[in-house]
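Structure, as structure tokens:
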Amino acid sequence: MLRTALRSSLLRPNVLARFSAARFLSQEARATIQNAVSASPVVLFMKGTPDHPECGFSRAAIQILGLQQVPAEKLKTYNVLADPELRSGIKEFSEWPTIPQLYVNGEFVGGCDILLSMHQSGELEKLLESNDVIPKVEGEAVPVHAA
Amino acid sequence: MPIDTVNLEAAIRKSLNCTHIEIEDQSNGCGENYAILLVSDDFEGKSTLVRHRWINQLLKDEISQMHAFSQKTFTPKQYEIHLAKGN
């Protein structure tokens, strides 16, 4: 009885470790990505760079952030094409199958479709305001969409 | 095996009560690029993020074989508004 219990408790961590190594992100990779998503108030995982997006969806995402006037110092982007480990890791970390992916203050917001619909509905502006990424608009005084 | 719109629709209908489905193959037939629009009462009370996560999970195998995938998820009421806006 004792021996069986001992053996199974000795065996199990091994089996688990192997299983998780094959299926899930390692602790280390997870910690690296956790640091990446909270590296800046706004973090975008994209294909290419803001100046040179290499996918239409990533281009749309960066354009939306530009229209929302997210200040450059509050935005950090990661080019997943330059880092294959990050490319697969971020999908697993966010449990989201596609790139781009947007994080605001460490919270996953969504991909391109969600970003676009939130931009159109005004939710994105609210989210960015309440996270102190862009200044709050007082009443009607400042027409942000004047252009 | 490439994904076709028939298989994709079947996979959606299996788990979701849809009043309206639009599946657009934007890949010129190579089966790698899809945009879908779903209207379902099942979306009621769920945020867009939750809806998208749900669909991503539902179509996990299919999405992993695609190059690009885009989705819109509406409740019937939201879809009426969407149509009224002429989008």
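Quick look at the numbers
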read-out: Low-density loop positions, chymotrypsin sites (Phe, Trp or Tyr not before Pro), the range A:21-107 - DSSP coil, at most 12 other Cβ in 10 Å; value: A:24
read-out: Net dipole in debye of the range B:5-84 [+1 Lys, Arg Cβ; -1 Asp, Glu Cβ; about Cα centre; nearest 20]; value: 300 debye
read-out: Test item: B:69-79 mean partner chain Cβ contacts at 10 Å; value: 2
read-out: Helix B:5-15 axis, angle to chain B major axis (alpha carbon atoms, nearest 10°); value: 50 degrees
read-out: Furthest towards positive pole of dipole, B:20, B:50, B:39, structure part chain B, Cβ charges; value: B:50
read-out: Backbone N under 16 Å from the residue B:85 label point (7 Å along Cα→Cβ), restricted to the range B:30-57; value: B:37-39, B:48-49
read-out: Cut-off 12 Å between beta-carbons: net charge of the residues surrounding residue B:60, Lys and Arg +1, Asp and Glu -1; value: -1
read-out: Efficiency of FRET from Cβ geometry, residue A:137 and residue B:5, R₀ 41 Å, rounded to 0.05; value: 0.40
read-out: Selected from B:41, B:61, B:25 as most flexible by GNM, with chain B as the system and alpha-carbon contacts under 10 Å; value: B:61
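Every read-out reported here was derived from the displayed coordinates using simple, explicitly stated rules and does not represent laboratory data. These numbers were taken from a predicted model, which means no experiment stands behind them. In this analysis, Cβ positions are derived from the backbone assuming ideal geometry, glycine residues included, and neighbour counts consider all displayed protein chains.
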